[in-house]
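The values are calculated or read from the model by the stated rules, or taken from the named source; none is laboratory data. Since the structure is predicted, the reported quantities are computational estimates derived from the model, not experimental observations. Quick reminder, even Gly has a Cβ in these numbers, built from the backbone with ideal geometry, and neighbours come from all protein chains shown. Note: areas computed on protein heavy atoms with side chains; ligands, DNA, RNA excluded. Shrake-Rupley method; radii C 1.70, N 1.55, O 1.52, S 1.80 Å.
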There are 2 protein chains.
Amino acid sequence: MFSRRMQNLTPYVPGEQPRDRSYIKLNTNENPYPPSPQIRAFLNEFDFDALKRYPDPLSNDLRNQIAAKYGVRPEQTFVGNGSDEVLAFAFYAFFDSHDGNLLFPRFSYSFYPVYCDFFGIRYHKIDLNSDFSIDVCRFSDADESCGIIFPNPNAPTGILLSLDKIVGLLDDYSSDRVVVIDEAYIDFGGASAVNLIDTYSNLLIVRTFSKSMCLAGARLGFAMGAAPLISALFSVKDSFNSYPVNMLTQKIGAIAMSDDAWLQSATAKIIAGREYLTSELRKSGWNVLPSGANFIMAGKIGLSGEEIYLRLKDKGILVRYFDIDGLKDFVRITIGTDDELKILLHKLPSA
Amino acid sequence: MFSRRMQNLTPYVPGEQPRDRSYIKLNTNENPYPPSPQIRAFLNEFDFDALKRYPDPLSNDLRNQIAAKYGVRPEQTFVGNGSDEVLAFAFYAFFDSHDGNLLFPRFSYSFYPVYCDFFGIRYHKIDLNSDFSIDVCRFSDADESCGIIFPNPNAPTGILLSLDKIVGLLDDYSSDRVVVIDEAYIDFGGASAVNLIDTYSNLLIVRTFSKSMCLAGARLGFAMGAAPLISALFSVKDSFNSYPVNMLTQKIGAIAMSDDAWLQSATAKIIAGREYLTSELRKSGWNVLPSGANFIMAGKIGLSGEEIYLRLKDKGILVRYFDIDGLKDFVRITIGTDDELKILLHKLPSA
């Protein structure tokens, strides 16, 4: 009844979304602030009759907007139904175990091994430094590989990799293997590698509208890279789903992308909240990893991550813990509103 | 740079969507009527702040609505980002060349071989009868196979297969191989096989909101089948994209699904238009296949499909022709509004 492919699957488990009671939700790295108010005006005026037609399969208006914002050409952009779909297409297009293992950090986005199992790609996890930072030399020194992928800032550690280390990695690594940098959280203070795509034709940048753009509900992600990489992603899309992005999301995404003032103000609030939470936690003796994202990894001696999670959940606050050796002492806390962070600090357990 | 998988791809080519001038668009089987007006009211009242949160990954409200409408249980329903995505997941989950070829009709939805190439599934096309109808015996008599898929009504022929023939096929075929019936066009007068899913645990029904529900722009499809089949589709989804259906589409779909009066009235208009066009064309000596869909296949002796297409395009009307042996004498014409059909009849070429 089921294909042999099914035997290899170990599906991704998204953060819990319980409905038994109302929680302060700091567990799935959503943005606590609303998206651009221009979206409200658009929805009021949208001619809903238009929904009877298929959306633009190329998402041209949206891609033009992305190209304008990032100073790239439209043919260097690709959009999909969330960055998860863009990543899935990239795994299909670029990573092939015949050429070696795919490399990604020991602690990283937990969907990467799921994609590997889905498409039958072997992978090798590269250890982090003891401070949880990525050591680029361990990637370039690894045995024959079919590509590299990592988030920057990394998840769930939140730690940023500097642009000069990324350049060093790209210089040392085979120019015939694709390097995907998953910049889901880069807008929260990090330096994007997007300006490198003209120099490194094997570099693909993947982005999402779910975090800094406050549009997790719209499901929109995008990629930027050399035109041949983008063209390959289009071939994959057109072999899977010709119209991955619905009409409303294409338009909402273009609006959000054009409202830079609002983006800057929303991310500034998140960054301020992150610095405030980090500083307050450290004052209380917590170990907080330095974060460039809209979340922090924090732990306290004498408490396991699971214990912190359970005690906070009991008090109406959801955070995320990881049942993974090396991460068991931490919880990942999404940066909420200032009020939410104050309640969190008030309800934190002590050892 | 590119995986070996890429060498196998022959992407699907959707119907053209030219932007050089305004056409009467009868080429992609969209519905010419607007979706339920309740969607307008929903969009006006929608709290756009909600877009900052991820949508329900299980689409529970929408699936409950589908279950209620079709008299099935929620765990017998699955939704995806267009029926194309649902079909892609089904190909991944159920069809495995180790068990034999996948079987589908010689003339059928041209995305089926694309999915096969995408996932590495071998297939065998089963000839139709000379009147273009499906002969179910040729499926059950075929060599060892890994499954069957066909649209009902078939596309692009539009010809319906009766429920008793479907029962005959299911009775004769291995109960351990999945049979997918793609009912994209069933609402235009056909009898659905959905009531058979409790009897045949290997039967999966795939549907779309793009045709009878007038929501091609929202990208929504669904499937109904025995709970183990649905559970497998969820495993595939959660290995590819945890949140395939955005928040607005989930809600819009539930509204459309609940507005049965509007659905009945919209489909009645399409059926009346189809019968009118068929009758008028036949009066003028055209050969029109009997259609149960929102399109017809029509041809006239002395004219190739391409010639009809080109002459109509020149006059501002888009239809679709097929560069496929056996179909070259036809064009596929989507049923538009009554006014559009009158203009079409006025501008038809003669041999």
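Mind ranking B:45-56, A:26-37, B:76-87 by how tightly packed they are, going by the mean number of other C-beta atoms within 10 angstrom, highest first?
Those peptides, ordered most packed to least, come out B:76-87, A:26-37, B:45-56.
Just to confirm, what accessible area per residue do you get for region A:50-109 at 1.4 Å probe, in whole Å²?
So region A:50-109 comes to 28 Å² accessible per residue, rounded to a whole number.
Return the carbon/sulfur percentage of the accessible area of the protein assembly as shown, one whole number, probe 1.4 Å, all protein chains in place.
Here it works out to 48 percent.
What is the distance in Å between the Cα centroid of region A:9-66 and that of region B:127-176?
The two parts, judged by their Cα centres, are 40 Å apart.
For label points placed 7 Å from Cα toward Cβ, what is the shortest-first list of nm distances from A:Ala67 to its copies?
4.6
Report relative contact order for region B:37-259 in percent, whole number only (criteria: Cα-Cα under 8 Å, sequence separation at least 6).
Relative contact order, region B:37-259: 28 percent.
I'd like the mean, over residues of B:209-219, of how many other protein chain beta carbons sit within 10 Å of each residue's own Cβ.
Per residue, the number of nearby Cβ atoms from other chains is 6 on average.
Per-residue Cβ counts within 10 Å, from other chains only, averaged over A:81-87: what number is that?
5
Leaving out ligands, DNA and RNA, calculate the buried accessible area for the pair A and B with a 1.4 Å probe, summed over both sides, in Å² to the nearest 100.
The A and B chains share an interface burying roughly 7700 Å².
Using a 1.4 Å probe on the protein heavy atoms only, what accessible surface does B:Ser97 show? Give it in Å² to the nearest 10.
Rounded to the nearest 10, that gives 20 Å².
Between B:Leu310 and A:Asp164, take the C-beta separation as r, use R0 = 60 Å, and let me know the FRET efficiency to the nearest 0.05.
Plugging the Cβ-Cβ distance into 1/(1 + (r/R0)^6) gives 0.55.
Run the label-point distances for A:Asp135 please: 7 Å along Cα to Cβ, every other copy, nanometres, shortest first.
Sorted ascending, the copy-to-copy spacings read 6.9 nm.
For A:His124, A:His98, give me the order by solvent-accessible area with a 1.4 Å probe, most accessible first, ignoring ligands, DNA and RNA.
Correct descending sequence by accessible area is A:His98, A:His124.
Beyond 32 Å, what percent of the Cα pairs of the protein assembly as shown remain?
That fraction is 53 percent.
If the convex hull of the alpha-carbon atoms of region A:110-210 is projected onto planes in all directions, what is the mean projected area in square nanometres?
Mean projected area of the Cα convex hull: 6.8 nm².
Find the Cα radius of gyration of region B:44-107, compare it with 2.2 N^0.38 Å by division, and give the number to two decimals.
Compactness ratio reported: 1.58.
Can you tell me the length gained on complete extension of the stretch B:Asn287 to B:Arg73, counting 0.36 nm per residue apart and subtracting the Cα distance?
72.7 nm
Solvent-accessible area per residue for region B:259-351 at a 1.4 Å probe radius, Å²?
Value returned for region B:259-351: 45 Å² of accessible area per residue.
Pick out the long, greasy-scoring helices in chain A: whole DSSP H runs spanning 30 Å or more along their own axis by Cα, mean Kyte-Doolittle at least -0.5.
A:260-283
Residues in region A:106-146, backbone N under 16 Å from the label point at B:Arg4 (7 Å along the Cα-to-beta-carbon vector): list them, ranges by number please.
Residues A:119-123, A:145-146 qualify, since their backbone N sits under 16 Å from the label point.
Could you give the distance between the Cα centres of region A:220-270 and region B:280-301, to the whole Å?
For region A:220-270 versus region B:280-301, the Cα centre distance is 42 Å.
Taking beta carbons within 10 Å but only from partner chains, what does the mean come to for residues A:52-65?
Across the residues of A:52-65, the mean count of other-chain Cβ atoms within 10 Å is 4.
Given +1 on the Cβ of Lys and Arg, -1 on the Cβ of Asp and Glu, and no further charges, what dipole in debye does region A:252-334 carry about its Cα centre, rounded to the nearest 20?
240
If a paramagnetic tag sat 7 Å from the Cα of A:Asp135 along the Cα-Cβ line, which residues of region A:156-181 would have the backbone N under 16 Å from that point?
Label zone hits: A:169.
Checking a compactness column here: for chain B, what do you get for Rg(Cα) / (2.2 N^0.38 Å), N being the number of residues?
My calculation over the Cα atoms of chain B gives 1.00.
Under a plain spin-label model, where a point goes 7 Å from the Cα along Cα-to-Cβ, how far apart in nm are B:Ser265 and B:Asn44?
1.7
Taking the label point 7 Å from Cα in the Cβ direction, how far apart in nm is B:Gln38 from each other copy of itself, listed shortest first?
3.3
How much accessible area per residue does region B:116-233 have, counting only protein heavy atoms and a probe of 1.4 Å, in square angstrom?
Heavy-atom accessible area per residue stands at 31 Å².
Take the cross-link list A:Lys25/A:Lys328; A:Lys52/B:Lys251; B:Lys125/B:Lys313; A:Lys251/B:Lys52; A:Lys69/B:Lys52 and give me the ones stretching past 27 Å between alpha-carbons.
B:Lys125/B:Lys313, as the Cα separations exceed 27 Å there.
Heavy atoms only, probe 1.4 angstrom, no DNA, RNA or ligands counted: give me A:Ser145, B:Ser284 ranked by accessible area, highest first.
B:Ser284, A:Ser145
Ranked by accessible surface with a 1.4 Å probe, highest first, in what order do A:Met224, B:Met6 come?
Listed by decreasing accessible area, they come as B:Met6, A:Met224.
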